[in-house]
Amino acid sequence: MDTRPLGRTGLNVPVLCLGTMMYGDQIGDEDARAQMNMCFERGVNFLDTAEIYTIPPKAETQGESERIVGRWVHERGIRDKVLLATKVAGRSLLPWIRDGAETRLTKEQVFTAIDRSLKNLQTDYIDLYQLHWPDRQVQLFGETLYGYKHYEEPGVEFEETLSALSDLQKQGKIRHFGVSNESPFGVMRMLALSETKTLPRVQSIQNCYNLLNRVFEYGLAEIALEEQVGLLAYSPIAQGALTGKYLDGRRPEGSRGEMFGRMSRYETPSAETSIQAYVDLAERFGLHPAALALQFVTTRPFVASNIFGANGEEQLNIVFQSLEIQWTDELEKEVNAIHSVTPNPCP
């Protein structure tokens, strides 16, 4: 398994990262263990979770993904051989995240969240602690499709949140920190503060990135390369949409679309046409459409690691097979030709 630098941390991470948001609901404990074992044996020792997981988020399953990962790591005795990434929730009105209080990225709440995650993961430190989404009010998860909206309320000051992370580093509870669902403005403000206030430096950006959503390339990609803040790309196959299994309104039994819905981000007016074009492209080249979508993401120079999720051994095998695809100039040209017709149909 090839590796790449994680920011300026001195750590190298595998080009694939195991995303565990389905653990605890769609994927139970036994199947999750089997999946983690298979991935670990293939060199994927980088696992990503979050305090709110499993997804869809519910009070009764909050933290279950962390607990499943923590039990596996503890029982195998491999804490020094894995890199654990988790996330603290940004602003939210969901009452169960913070026991009834509005969730914010204040120093007090960050301290509360880290202690719970450490307990769930059965460890005394997190390798990469990420701000799951901003505290300030911003458009998230495809809300910019119909235009940008500016909110005046700034949220908790960046400096307060970074100060909390600084304290956690000094206490040895986290090694490094990253952001998620963040904008160029947010990343650059935090980088500036790290230089002028001697606060922790952003080391990674976990944002959505796939063939249907290449918005990261417009601003953040340059930052990622120039500032060495690599992308941890999530949703590389667009919640399964890029496999083609949801075309023509289909909802295969057992799929996340059939079980939970929540596919609106990939059901925009022009999504179906673009998805069909990428599925047809994969067929012409004799590739599985999911493998094509995955390798597109993995081969981007600004990507540090490609976060995948899978349900079962068959899907895992497709993930690993994607690494065998030689990404040629011809493939790049074909992908960009499709992209140019309808750029970013699912931002």
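Given Cα pairs under 8 Å that are at least 6 residues apart, what percent is the relative contact order of the chain?
Values: 606 pairs, mean separation 58.6, N = 347.
The normalised contact order for the chain reaches 17 percent.
Among 66, 102, 152, which comes first, then next, by fewest other beta-carbon atoms within 10 Å?
On the way: 66 30, 102 12, 152 5.
Lowest to highest Cβ neighbour count: 152, 102, 66.
How large is the dipole of the stretch 3-206 about the Cα centre if only Lys and Arg carry +1 and Asp and Glu carry -1, each at its Cβ, rounded to the nearest 20 debye?
580 debye
If I take every Cα pair under 8 Å that is 6 or more residues apart in the stretch 3-206, average their sequence separation and divide by the length, what percent do I get for the relative contact order? Please report the intermediate quantities before stating the final value.
Details: 345 pairs, mean separation 35.6, N = 204.
That works out to 17 percent.
Treat the count of other C-beta atoms within 10 Å as a stand-in for reagent exposure and order 31, 25 from fewest to most.
On the way: 31 16, 25 20.
The fewest-first ordering by Cβ neighbours comes to 31, 25.
Please work out how many pairs of lysine residues in the chain are eight or more positions apart (or on different chains) and have Cα atoms closer than 21 angstrom.
Total qualifying Lys-Lys pairs in the chain comes to 16.
What ranking do 335, 297 get, fewest neighbouring Cβ atoms within 10 angstrom at the top? Provide the component values of the computation, followed by the final result.
Numbers: 335 19, 297 25.
So the ranking, lowest neighbour count to highest, is 335, 297.
Could you give the angle, 0 to 90 degrees to the nearest 10, between helix 289-298's Cα long axis and the longest principal axis of the Cα atoms of the chain?
On a 0 to 90 degree scale, this one is about 50.
Angle between the Cα long axis of helix 271-284 and the longest principal axis of the chain, 0 to 90 degrees, nearest 10?
That helix lies at roughly 60 degrees to the long axis.
Taking 8 Å as the Cα distance limit and 6 or more residues as the minimum spacing, I'd like the relative contact order of the stretch 167-316 as a percentage. Before the final figure, lay out each step's value.
Values: 183 pairs, mean separation 34.2, N = 150.
Dividing the mean separation by the residue count of the stretch 167-316 yields 23 percent.
Apply the Karplus curve 6.51 cos²θ - 1.76 cosθ + 1.60, θ = phi - 60°, to the phi angles in the stretch 191-201 and return the couplings in whole Hz, x for Gly and Pro.
Result, ordered by residue: 5, 4, 5, 5, 7, 9, 10, 6, 10, x, 9 Hz.
Mind checking the full-extension length gain between residue 311 and residue 340? Use 0.36 nm per residue of separation minus the Cα-Cα distance, one decimal, nm.
On the way: separation 29, 0.36 × 29 = 10.44 nm, distance 3.21 nm.
The residue 311-residue 340 span can extend by a further 7.2 nm.
Tell me the label only: which of (1) 43; (2) 51; (3) 54 is percent of Cα pairs over 27 Å apart as calculated from this structure?
After the calculation, the listed value that fits is (1).
List the residues whose amide H sits under 5 Å from the amide H of residue 304, counting only those 5 or more places along or on another chain, with H placed 1.01 Å from N in the peptide plane.
Here 231, 232, 233 satisfy the definition.
How far is helix 313-322 tilted, in degrees, relative to the longest principal axis of the Cα atoms in the chain, given as a value from 0 to 90 rounded to the nearest 10?
With rounding to tens, the tilt is 80 degrees.
Going through the stretch 161-261, which GluC sites (Glu not before Pro) have at most 13 other Cβ atoms within 10 Å and a DSSP loop state? Each step should come with its number before you reach the end.
Working: sites: 182, 195, 217, 222, 226, 227, 253, 258; in loops: 182, 227, 253.
Here the GluC sites (Glu not before Pro) that fit, given the DSSP loop and packing criteria, are 253.
Which value, in debye to the nearest 20, describes the size of the charge dipole of the chain about its Cα centre when Lys and Arg Cβ atoms bear +1, Asp and Glu Cβ atoms bear -1, and nothing else is charged? Mind dumping the intermediate values first?
Details: 35 positive and 47 negative charges, 116 e Å.
So the dipole magnitude of the chain works out to roughly 560 debye.
Residue by residue through the stretch 87-98, what is 3J(HN,Hα) from phi via Karplus (6.51 cos²θ - 1.76 cosθ + 1.60, θ = phi - 60°)? Round to whole Hz and write x for glycine and proline.
9, 9, 5, x, 4, 7, 9, 5, x, 7, 5, 10
Give me the mean projected area, in nm² to one decimal, of the convex hull enclosing the Cα positions of the stretch 3-206.
On the way: hull surface 46.8 nm².
Value for the stretch 3-206: 11.7 nm².
Each value in this text was obtained by applying a stated rule to the coordinates, not by laboratory testing. These figures come from a predicted structure and were not determined experimentally. Heads up, the Cβs are rebuilt from the backbone with ideal geometry, glycines too, and the neighbour counts pull from every protein chain shown.
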